[in-house]
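Heads up, the thing below is written out as structure tokens.
The values are calculated or read from the model by the stated rules, or taken from the named source; none is laboratory data. Everything quoted here is computed from the prediction, not taken from an experiment. All Cβ positions, even for glycine, are placed from backbone atoms using ideal geometry, and neighbour counts span all protein chains on display. Ligands, DNA and RNA are excluded from the accessible area calculation, which covers all protein heavy atoms including side chains. Shrake-Rupley method; radii C 1.70, N 1.55, O 1.52, S 1.80 Å.
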Amino acid sequence: SIDSTNIAYNKLYAVAAQKIGKPELAIKLFEWILSKNPCDFQCYVSLIPLYMKIKNPVAVVRTADLGLYFIPKNKAIRYWEANSLYALREYEESIPAFEDFLSKGDSVFAVLKNYGIAQYYSGKYHTTIKMLLKCCQMTPDDPIVYFYLGLAYKDQKNYIKSIECLNAAIEFAQPPYMTEMYHYLGQS
């Protein structure tokens with residue numbers, strides 16, 4: 001018979017549940033593991049995206065905070081929290097997690113891009129522009145970066161820059177984004 005209190009067994013079971021698309025079961029198992037071993041880093045970085053998958057931003061934040069309580073200064077937990085909140089379109093709530101992650105010295109393109117876009121949706125256009133200009137230096141042909149730069153410049157009433165950025169976005173874009181980009185170009 002299998003020992004249902006065995007942490008290693010339950011962790012394997014949780015990972016299997018996660019991989020076969022049973023997030024509720026995986027969450028239950030990972031939570032049980034954390035109740036027995038609250039310093040299990042892998043459980044936190046597995047739970048956070050699972051909560052995102054079931055659209056529970058409160059649990060994302062709660063789990064990240066708990067993880068950082070037991071494993072302080074772990075930037076990976078903040079990374080998962082920030083990106084999960086961003087994916088849930090909880091832009092304002094994702095900003096502190098992005099800022100904490102970035103304060104630890106890591107400025108990966110995807111993080112700067114998502115942070116800049118979150119700033120845009122929070123109405124902080126100056127920070128949006130600053131972050132997305134850094135992204136342009138890192139990857140000069142990303143249409144989404146230019147698109148949000150164009151929107152931020154438009155909202156700051158800098159129509160010349162807006163038109164330049166939206167034209168660049170259109171130049172680098174794949175067909176699915178074209179209509180929306182032309183729409184905002186027309187507005188600018």
Review point. Which condition breaks for A97 when tested against (1) in contact with a Leu (Cβ under 9 Å, 6 or more places away or on another chain); (2) open to solvent by 30 Å² or more (accessible area, probe 1.4 Å); (3) of a type in the set (A, V, I, L, M, F, W, C); (4) within 30 Å of C135 (Cα to Cα)?
Key: (2)
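Restricted to region 34-87, and to residues that are of a type in the set (F, W, Y) and open to solvent by 20 Å² or more (accessible area, probe 1.4 Å), which residue is farthest from N114 (Cα to Cα)?
We begin by selecting, within region 34-87, every residue of a type in the set (F, W, Y); these are 41, 44, 51, 69-70, 79-80, 86.
Still in the running and open to solvent by 20 Å² or more (accessible area, probe 1.4 Å): 41, 69-70, 79-80, 86.
On the way: F41: 24, Y69: 25, F70: 27, Y79: 11, W80: 12, Y86: 7 Å.
Here the answer is F70.
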Review point. Scanning region 98-122 for residues that are at pLDDT 95 or above and among the small types (G, A, S), which turns out nearest to E81 (Cα to Cα)?
Key: A118
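To keep it simple, each residue is scored yes or no on (1) among the hydrophobic types (A, V, I, L, M, F, W, C); (2) out of contact with any His (no Cβ under 6 Å at 6 or more places or on another chain); (3) under 26 Å from T139 (Cα atoms).
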site: F41; (1), (2), (3): yes, yes, no
site: P57; (1), (2), (3): no, yes, no
site: K75; (1), (2), (3): no, yes, yes
site: R89; (1), (2), (3): no, yes, yes
site: I95; (1), (2), (3): yes, yes, yes
site: F98; (1), (2), (3): yes, yes, yes
Check your understanding: All but one of (1) open to solvent by 70 Å² or more (accessible area, probe 1.4 Å); (2) within 30 Å of L133 (Cα to Cα) hold for K22; which doesn't?
Key -> (2)
Check your understanding: If the Cβ limit is 9 Å and pairs must be 6+ apart or interchain, which residue in region 131-159 that is closer than 16 Å to E180 by Cβ and open to solvent by less than 40 Å² (accessible area, probe 1.4 Å) pairs with which residue that is assigned to a loop (DSSP other than H, G, I, E, B) and acidic (D, E)?
Key -> none
Point to revise | Pair list, Cβ under 8 Å, 6 or more apart: region 109-124 residue within 12 Å of E90 (Cα to Cα), other residue basic (K, R) | key: Y121/R89
